[in-house]
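Every read-out reported here was derived from the displayed coordinates using simple, explicitly stated rules and does not represent laboratory data. Remember, it's a predicted structure, so these values are computed and weren't measured experimentally. Cβ sites come from the backbone with ideal geometry, for glycine too, and all protein chains shown count toward neighbours.
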Amino acid sequence: MSAAGGPRLSLVLACYNEEEVLAASFREIRETLLDFGHPFEILFVDDVSRDNTRELIAKIVAENPGLDIRVILHEKNKGRGATVTDGFRAARGEIAGYLDVDLEVHSRYIPSLVRAILSGADVATVRRIYAFQARALDRYFMSRGYSWLVRRVLGSSLHDTETGYKFFRRETLLPVLDATKDAGWFWDTEFMIRAERRGLRIREIPGAYVRRWDKTSKVSGIRDSIDYFRRLLAFRKTLGREGA
């Protein structure tokens, strides 16, 4: 759905091996956006999925001719950050955002983030509140521990830089995109710290996180934790050099 002058809201769906969740998640996202009532576009960006994600995207496009949907297909794998960035650079809306396709944080929070930006924020994110799941305690402690490290190592006041649920005022988004270099999972942290240091107005809105057990996890606890810690230290050095 788009207005004559183009969409007000651009939603980027960065995809990599999403066949387990894509069809159901898209239905939830579509209903949320239609109920919200603002003109919107959806941009699928596929980072060379190895399953049937691309076929499912093509089916979604064919089954929704009345929606403003565009598709970007990478020819080689670039990483999460680069995939999200490509979607943002193609976006036409005055507000652009993305959320993780698995909807472990539901699409129902989209209106709250958009309203926060319309009320004056430059960036609005979901700060994940973990629903108690005994099997998900490892993810809870990893996430909270990482947030603590970000605040201590980088001097940030933010509580959840890694949330996969961020919306932006597009005119303030692009300069931060230009400065953000990481193409992988650390992109989220780098982007948010750079946005904070530029003085952008950031709103963190609480939202329930519910771990899904019907999909294959892309997180490797110990390995990813070590890698993130190394990247934090390297990024602190980068910020120090830039400051000097």
Between N52 and F36, what is the label-to-label distance in nm when each label sits 7 Å out along the Cα-to-Cβ direction? 2.9 nm
Relative to the longest principal axis of the chain, what angle (0 to 90°, nearest 10) does the C-alpha long axis of helix 53-63 take? 40 degrees
For the chain, what relative contact order do you get, as a whole percent, if you take Cα pairs closer than 8 Å and at least 6 residues apart? 23 percent
Among DSSP beta bridges lying fully in the chain, give the percent that are antiparallel, nearest 5. 25 percent
Given the chain, what count of lysine pairs have C-alpha atoms under 23 Å apart, with each pair 8 or more places apart or on different chains? 13
Counting only trypsin sites (Lys or Arg not before Pro) that are in a DSSP loop and have at most 10 other C-beta atoms within 10 Å, tell me the longest site-free stretch of the chain. 77-244
Longest principal axis of the chain (C-alpha) makes with the long axis of helix 80-90 (C-alpha) an angle, in degrees to the nearest 10, of 50 degrees
Work out the FRET efficiency for L174 and K237 from their Cβ-Cβ distance, taking R0 = 25 Å, and round it to the nearest 0.05. 0.45
Quick one: length gained pulling V153 to N77 fully straight, 0.36 nm per residue minus the C-alpha distance? 24.3 nm
Could you tell me whether the range 6-54 comes out rounded, prolate or oblate from its Cα gyration tensor? Rule is a ≥ b ≥ c as square roots of the eigenvalues, rounded for a/c under 1.5, then prolate if a/b exceeds b/c, otherwise oblate. oblate
